[in-house]
Amino acid sequence: MKRTLCCALACLLLCALVSCGTTGYVTVKSVESRNSHGFSLRYEKFDGEKRETVTVKEGATMELKVSVTTEAGTLAISVENKDGVAAYRGTDLPTSDFSVLLSDAGTYTVTLTAENHRGSYAFSWD
């Protein structure tokens, strides 16, 4: 009995330690959409960190159109190139529409960080 209990506790502790170092997110009542020209998510609740990638072809620039709807909570967005240089960083974003110019070729990481955010976001490009 003691041995079984010790093994169970050890497994629980191991699971807790393994999950501490990872990022993740949770959405409630969400609808996600994506195609070759963008991605979007609308939800009742978004909590955590979600990452997407956008690729700019050699010799091209990209106007990344962003639309955010905030009904409650907070949403932060960063767009960084492969070297971690930010093309855009915004925190506690209100309902807004804006564009981010991506002028260098390569892959950019879009990081969305939410805390009890209710609303939506959409990213699109031509």
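Being at pLDDT 95 or above and of a type outside the set (Gly, Ala, Ser): is that true of residue 22 here?
No.
Give the number of residues within segment 65-84 that are in a loop (DSSP other than H, G, I, E, B) and open to solvent by 50 Å² or more (accessible area, probe 1.4 Å).
Number of matching residues: 2.
Identify the residue in segment 85-99 that is among the hydrophobic types (A, V, I, L, M, F, W, C) and surrounded by 14 or more Cβ atoms within 10 Å (Cβ to Cβ) and, among all such residues, is farthest from residue 70 (Cα to Cα).
As a first pass, look at segment 85-99 and keep what is among the hydrophobic types (A, V, I, L, M, F, W, C): 85-87, 93, 98.
Add one more test, that the residue is surrounded by 14 or more Cβ atoms within 10 Å (Cβ to Cβ), and what stays is 87, 93.
Values: 87: 22, 93: 7 Å.
Filtering segment 85-99 for residues that are among the hydrophobic types (A, V, I, L, M, F, W, C) and surrounded by 14 or more Cβ atoms within 10 Å (Cβ to Cβ), the one farthest from residue 70 (Cα to Cα) comes out as 87.
If a residue must be open to solvent by 50 Å² or more (accessible area, probe 1.4 Å) and aromatic (Phe, Trp, Tyr), how many such residues does segment 105-126 contain?
Residues that pass the stated criteria total 0.
Answer yes or no as to whether residue 102 is surrounded by 17 or more Cβ atoms within 10 Å (Cβ to Cβ) and in contact (Cβ under 8 Å) with a residue 40 or more places away in the chain.
Yes: the conditions hold for residue 102.
Considering only residues that are hydrophobic (A, V, I, L, M, F, W, C) and within 21 Å of residue 34 (Cα to Cα), which ones fall in segment 57-103?
If the condition is that a residue be hydrophobic (A, V, I, L, M, F, W, C) and within 21 Å of residue 34 (Cα to Cα), then 62, 64, 66, 68, 75, 76, 77, 79, 98, 100, 101, 102 are the ones that fit.
Identify, please: which residue in segment 70-92 is closer than 12 Å to residue 118 by Cα and aliphatic (A, V, I, L, M) and is, among those, nearest to the chain's Cα centre (by Cα)?
Going through the qualifying residues, I end up with 75.
Could you run through segment 21-64 and say how many residues are open to solvent by 70 Å² or more (accessible area, probe 1.4 Å) and touching a residue at least 24 places away in the same chain (Cβ under 8 Å)?
Number of matching residues: 14.
Residues of segment 32-51 being closer than 17 Å to residue 62 by Cα and assigned to a strand (DSSP E or B), which ones? It would help to see each step written out before you state the result.
First, pick out the residues of segment 32-51 that are closer than 17 Å to residue 62 by Cα: 35-39.
35, 38, 39 - these are the residues of segment 32-51 that are closer than 17 Å to residue 62 by Cα and assigned to a strand (DSSP E or B).
The values are calculated or read from the model by the stated rules, or taken from the named source; none is laboratory data. Treat the numbers as computed from the prediction; the structure is a model and nothing was measured. Please note: Cβ atoms are built from the backbone with ideal geometry, for glycine as well, and neighbour counts cover all protein chains shown. With ligands, DNA and RNA removed, areas are computed over all heavy atoms of the protein, side chains included. Shrake-Rupley method; radii C 1.70, N 1.55, O 1.52, S 1.80 Å.
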